[in-house]
Each structure stands twice: as structure tokens, then as C-alpha cells.
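Q: Have a look at this one.
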Amino acid sequence: MRRPIIAGNWKLYKTVRETVQFIEQLKPLVQESKHCDIAIAPPFTALARAASAAAGSNIWIAGQDLFWEKEGAFTGEVSAPMLADAGCQCCIIGHSERRQYFSETNDMVKRKTQAALAAGLMPIVCVGETLAEREAGDTNRVIRIQFEESLNDLTVQDFFRIVIAYEPVWAIGTGRTATPEMAVEVHKQIRQLAQQRFGAEASRELRILYGGSVKPDNIKGLMAQVDIDGALVGGASLKPDSFASIVNF
Ligand code: PGA
């Protein structure tokens, strides 16, 4: 059985103080939640304090991005070993906002994924089509290319350590969720791609999260689908109550 993951992506929100306060409020709300893994991704500035606040709890701390080099003259970047050092267990990679606003390519996603793995972090690799791509009937091709170009070079062993998040770009922050059926169709395709490249066991074990306007009132329907193994939650992860009710779907 695949263990679900509910992860909160805070994007460009929350100060250090707000982060610590959130974690203190979240802890009692999820301390009995043994049915899934729980992660939150605060901004870089709050990671170390978030990790201290979450220490000893069932809440993992995730980076929202990283750079593939360990260190060097790369002004403004943060590396995978630095995230691990700050207390992160995982890192979101290739989020569509990174692709859209910061020109991230599949090749960069590949390098970042490999760097995360080398530092012992669990990468949450995001894939997803834009509205124009969906309307042009291009969804499956886009997903296949994202998968192949960013993940095909991993070893089978490493593939076991990654999580994939399917996030249709048109559903992010728009209040327009993919129906569970739409999500499942793509999740099935991703599992098939995983099977072709990495084998049946790796494909069976792969956790595929859905992301895009996940809310307390639609999480149940999504999680009822066998092929949906959790959620990557943006807006609804910013309040402890709403995030906790998604965790406790
Ligand atoms: P949203 O964001 O839940 O606000 O749509 C999801 C994400 O970007 O990961």
C-alpha cells in the first residue's frame, strides 16, 4: 500500500514568526494523523526555524526549490545540502511557477532532482500541462516529455525515492480543480511511464500527488481514487485549520 502524502506549498508567504506560529498551531491538529505523511514548504528564510519548531513531530519540512550545485559562485541560490542542513526532509522541484516565471526547463528539473537525491532529500517533482496544451489535446504528450526529460536518467533505485506531483497549470490558484476522473487519467499515464522505464515494482510504489485548488471540501473525492496518493496544496495550506482538515480527509 502506498502511504499518502499531504504537502503544503506556501510559495511566497509567511515570515519566520508566522511560520513558527503556524507549526505550533498545526502540531496538535495532526498529531494523531498516522494515515499519511505530512510536509510543509515554507520560504527559504523560515526553513531552519520551521524545522526546529517541527522537530519531534510528524511534520516534515520541504524546500520549494534548490540549485543543483553544492556550492560555488552562484549568487542567490540555495543548494540541496544546505536545505538538508537547515532540517529539510524533502524539496518541491519543477513547480509550474518556477517553469513559468523563472524559465525552468525539464533539464534543470532533472539536475535539481538528482541533486536533491544526492543530498538525501525526497524530491517532489511537479509535472502538468497548461490550459492551452490541454485544449489542444496535448496533455499526454506534454506529461510524457516532462517525465522522460527530467526523470528517465534516474537509476531505478533513485526512482523509488521520488514523489511526483501532477499539477495541471490551469487548476493552480484558480479555484478550478481537475475532476477526480481527469486527475486519475493523467496519474494512470504517469504510472505507465514509470512502469515502462523503471519496472512494475517501482511503478506500483510510486506516490503520485494531485495539486491544483485542493481544498477541505474536495480532498475526499480526490483521495477516494486509487491512483491519487496525496495532494500538494497551495492556498489552502496557509491556515492551520484548513490544512489540518485536508490532512485529516
Ligand atoms: P493551489 O496551488 O492549491 O493554490 O492551487 C497548488 C500548488 O501550486 O502547488
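The values are calculated or read from the model by the stated rules, or taken from the named source; none is laboratory data. Note that this is a predicted model, so its numbers are computed, not measured. Neighbour counts are summed over all protein chains in view; Cβ atoms, including those assigned to glycine, are modelled from backbone coordinates with ideal geometry. We work out accessible area using only protein heavy atoms, side chains counted, and drop any ligands, DNA or RNA first. Shrake-Rupley method; radii C 1.70, N 1.55, O 1.52, S 1.80 Å.
Q: Zone of R161 (label point 7 Å along Cα→Cβ, backbone N under 14 Å): which residues in the range 100-117?
A: Correct set: 112-117.
Q: Counting only the heavy atoms of the protein chains, how much of Y13 is accessible to a 1.4 Å probe, in Å² to the nearest 10?
A: 130
Q: So what are the range 1-132's ellipsoid semi-axes, whole angstrom, largest first, if each one is the square root of 5 times an eigenvalue of the alpha-carbon gyration tensor? Before the final figure, lay out the partial values.
A: Numbers: eigenvalues 117, 61, 42 Å².
Semi-axis lengths for the range 1-132 are 24, 17, 15 Å.
Q: Carbon and sulfur atoms: what percent of the 1.4 Å accessible area of the range 5-247 do they account for? Numbers along the way, then the final one.
A: Numbers: 5440 of 10740 Å².
Carbon and sulfur together cover 51 percent of it.
Q: Per residue, how much accessible area does the chain show when a 1.4 Å probe rolls over the protein heavy atoms, in square angstrom? If you can, show how the numbers build up before the last one.
A: Values: 11290 Å² over 249 residues.
About 45 Å² of surface per residue is accessible.
Q: Additional query: Please compute the alpha carbon radius of gyration of the range 184-249, then divide it by the globular-protein estimate 2.2 N^0.38 Å. Two decimals is fine.
A: Numbers: Rg = 13.4 Å, N = 66, 2.2 N^0.38 = 10.8 Å.
Normalised Cα radius of gyration, the range 184-249: 1.24.
Q: D for the chain, whole µm²/s, Stokes-Einstein with Kirkwood Rh over alpha-carbon pairs at 10 °C and 1.306 mPa s: what number? Kindly include the intermediate steps, with their values, before the conclusion.
A: Values: Rh = 17.9 Å.
Value of D from the Cα-based Kirkwood radius: 89 µm²/s.
Q: Continuing with this model, one more query. Taking the Cα centre of the chain as origin, sum charge times position over the Cβ atoms of Lys and Arg (+1) and Asp and Glu (-1), and report the length of that vector in debye to the nearest 20.
A: Values: 27 positive and 29 negative charges, 86 e Å.
Here the size comes out at about 420 debye.
Q: Shifting gears a bit: Taking the simple approach of a point 7 Å from Cα along Cα-to-Cβ for both T105 and A73, what is their distance in nm?
A: 2.3
Q: Turning to a different aspect of this structure: Under 12 Å from the Cβ of L47, count the other residues' Cβ atoms, weight Lys and Arg +1, Asp and Glu -1, and hand me the total. If you can, show how the numbers build up before the last one.
A: Numbers: positive: K14, R49; negative: D65, D85.
Every neighbour counted, the sum reads 0.
Q: Next question, about the same structure. Assuming a strict under-13 Å limit between Cα atoms, what lysine pair count do you get for the chain once near-sequence pairs (fewer than 8 apart, same chain) are dropped? Intermediate results must be reported in sequence, preceding the final value.
A: Numbers: K14/K239; K27/K239; K70/K112; K215/K239.
Final tally of qualifying lysine pairs is 4.
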